[in-house]
1. Among the residues of the range 377-390, is any in a strand (DSSP E or B), more than 30 Å from Tyr261 (Cα to Cα) and either modelled with pLDDT of 90 or more or in contact with a helix residue (DSSP H, G or I) (Cβ under 6 Å, 6 or more places away or on another chain) (or both)?
2. How about the range 426-447: which of its residues are in contact with a Lys or Arg (Cβ under 9 Å, 6 or more places away or on another chain) and among the aliphatic types (A, V, I, L, M)?
3. Filtering the range 351-373 down to residues that are modelled with pLDDT of 80 or more, open to solvent by less than 80 Å² (accessible area, probe 1.4 Å) and in contact with a strand residue (DSSP E or B) (Cβ under 7 Å, 6 or more places away or on another chain), which residue is farthest from Leu310 (Cα to Cα)?
4. Kindly indicate whether Glu35 is among the acidic types (Asp, Glu), without any contact (Cβ under 8 Å) to a residue 40 or more places away in the chain and part of a helix (DSSP H, G or I).
5. Check the range 411-425 and report whether any residue there is in a strand (DSSP E or B), touching a residue at least 40 places away in the same chain (Cβ under 8 Å) and surrounded by 12 or more Cβ atoms within 10 Å (Cβ to Cβ).
6. What's the number of the condition Val238 fails, among (1) open to solvent by 40 Å² or more (accessible area, probe 1.4 Å); (2) not in a helix (DSSP H, G or I)?
7. Since Gly17 meets every condition but one in (1) under 19 Å from Trp152 (Cβ atoms); (2) crowded, with 21+ Cβ neighbours inside 10 Å; (3) not aliphatic (A, V, I, L, M), which condition does it not meet?
8. What are the residues in the range 44-61 that are surrounded by fewer than 17 Cβ atoms within 10 Å (Cβ to Cβ), in contact with a helix residue (DSSP H, G or I) (Cβ under 9 Å, 6 or more places away or on another chain) and in a helix (DSSP H, G or I), if any?
Amino acid sequence: MSVSPSSQHQIVLLLLGLVATVALIGVSVLISLSEISFAAARDVRLRSRAEAGDPRAVAFLKLRRNSGQVITVLQICLNAVGVLGGIISESMLSDPIAEGFRVLGMAPSLADKMGSACSFILITGLFVLFADLLPKRIAMNAPDRIALKVGWFPAVALKVLYPAVLVFSKISDWLLKLLKIPAAATVEPVTPEDLRAILAAGTASGVLLEEEHQMIQNVLGLQDRAVTSAMTPRDEIVFLDVQESPESQRDKVRVRPYSRYPLCDGGLDKVIGSIRAEDVLVAVVDEPQPKSTGLAPVASQIFKMRRDVLSLPDTLNLWETLAQFEAHSAGFALIVNEYGLVVGLITYKDIMGALMDGLVSPFEEQAIVRRDDKSWLIDGAAPIGDVIRELDIPMFDDAQNFDTVGGFVMNRLRRMARKADSVQSSGFRFEVVDVEGFRINQLLVTRLN
């Protein structure tokens, strides 16, 4: 059976159309991979690869600094491929497909319409599936790796089409200026909430361990916690007084063994420095020599051994307090209010305790103890930020007015708390279980239905 020259021509035209379509799909795949990977690749990972000596990462980062022109050249290529695909569909595929319908006995006019429709559907389906969906999903799954593999394509296209890119860039810049739209996108800073969401996603995916997530959260929380939330309050400060007897000073050091004590002269509001425990022991154990200072011999010796003490305002947060410790090479500070009165004492260990919150030894007493799914026993001195995070309570509007959960309860009561007092807020009931003096020792917190 012989094939007519016309049929041979249509077969050759169909094959050429299919080859051209495959070539255009290949170019479109490179465009889609480049477009998605260029937008989604992470600078941090690429910089680490560049610092390790990967020339592909160096070239890609250099190209990314010129993102406006790269986007322009990719759009030019994308539209050019679309136009060429339409031309191929109309001039190289529709006639051979129509000829096939005519051979099957279809009317010529109907065969022409069916040929055009089938070629359009074929080209559109191939481009949507193989040139858009598949490459873009692949690039989204591994943008960094794809960016290094196809980074050469936008670089080559930019060199080849630079005149057209320059013209389109100038026109688009002029139009944006005319519409009073900034030509370059402003980079929004990463907020603590964004960072916490990223960390939560990392923990959920298994990249971060629960302990690592907790530690990073505690570091971020240092800026949100006031120094008063971690300090030793005034009535619990153990201090030495030069007017006390040697026996009283020795008993204090023996019963409450700390590494350093505030040294006072007539009370906590008259601090004259600080003194180490070993200095106190030396002063008590050594045979004292009379001095002309008007003080008792041992007191005079302690007075001579005193060291400077760092004083910090009670308006600092824990991060600022840690910075002050580093700046003054200190690990011990008195917290003073706006009236110059000592309200507490904080040490480097207190800040480390806040940093290790949730990761402490199981032998240490916890400030927040879960009783069941709906109730917790909480120390009244527990920082309100820790309670909010642990119980997943919405942030209180007036959280800046108190530092501890005990302060929150008294703020709501508008008076000093008594045993069995309770307040309700944000779907929880806070009931006072134990009170010592004016301070709330323990609370029972219950989630309400």
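The values are calculated or read from the model by the stated rules, or taken from the named source; none is laboratory data. Treat the numbers as computed from the prediction; the structure is a model and nothing was measured. When we count neighbours, we look across all protein chains shown, and the Cβ atoms used for this are built from the backbone with ideal geometry, even at glycine. Ligands, DNA and RNA are excluded from the accessible area calculation, which covers all protein heavy atoms including side chains. Shrake-Rupley method; radii C 1.70, N 1.55, O 1.52, S 1.80 Å.
1. yes
2. Those that are in contact with a Lys or Arg (Cβ under 9 Å, 6 or more places away or on another chain) and among the aliphatic types (A, V, I, L, M): Val432, Val433, Val435, Leu444, Val445.
3. Val369
4. no
5. Looking for residues that are in a strand (DSSP E or B), touching a residue at least 40 places away in the same chain (Cβ under 8 Å) and surrounded by 12 or more Cβ atoms within 10 Å (Cβ to Cβ), one finds none in the range 411-425, hence no.
6. (1)
7. (1)
8. Arg45, Arg47, Ser48, Glu51, Arg56, Val58, Ala59
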